[in-house]
């Protein structure tokens, strides 16, 4: 029996499915940026392995929760919520921080011309 009523497990399943799709596309863009900027090949291989296993696992978990989540005991549902929190923390840590880069070019004729002020 399939119950597609809106309950907490179904909502968690939808979040899993959407998160897996977003995670898939963000990993692809990171791989493309890594190949274009010619970062290390080990990083690219690790991102490809991450792309191969993580998004399909999230989407499959979401489908299972969407169709069969109403059968879960409360303790199993709580365990699934804890796993979701861990996954969200992991994904947020993987997003690269934006660095502000300032390039200052100067021409000095003498070392005494260099003065740094706050």
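Rounded to the nearest 10 degrees, the inclination of helix 74-94 to the longest alpha-carbon principal axis of the chain is 20 degrees.
Against the chain, whose longest principal axis comes from its Cα atoms, helix 8-36 is set at around 30 degrees.
To the nearest ten degrees, helix 41-68 and the longest principal axis of the Cα atoms of the chain are 30 degrees apart. Would you calculate the separation in nanometres between label points at residue 6 and residue 32, each defined as 7 Å from the Cα along the Cα-to-beta-carbon direction? Roughly 3.4 nm, to one decimal. Helical content of the chain, expressed as a calculated mean residue ellipticity at 222 nm, amounts to -23500 deg cm²/dmol (DSSP H runs of 4 or more residues, -39,500 (n - 2.57) each, divided by residue number, nearest 500). Each label point was placed 7 Å from the Cα along the Cα-to-Cβ direction; for residue 93 and residue 63 their separation is 2.9 nm. A Gaussian network model of the chain, with springs between Cα atoms under 10 Å, assigns the largest mean-square fluctuation among 43, 68, 16 to 43. The simple spin-label model puts a point 7 Å past each Cα toward its Cβ; for residue 102 and residue 21 those points are separated by 4.3 nm.
Length gained on full extension, residue 81 to residue 42: 10.8 nm, using 0.36 nm per residue less the C-alpha separation. Seen through its C-alpha gyration tensor, with square-root eigenvalues sorted a ≥ b ≥ c, region 29-93 comes out prolate because a/c lies at 1.5 or above while a/b is bigger than b/c.
Every read-out reported here was derived from the displayed coordinates using simple, explicitly stated rules and does not represent laboratory data. Everything quoted here is computed from the prediction, not taken from an experiment. Counting neighbours? That spans all protein chains shown, and the Cβs are built from the backbone with ideal geometry, glycine included.
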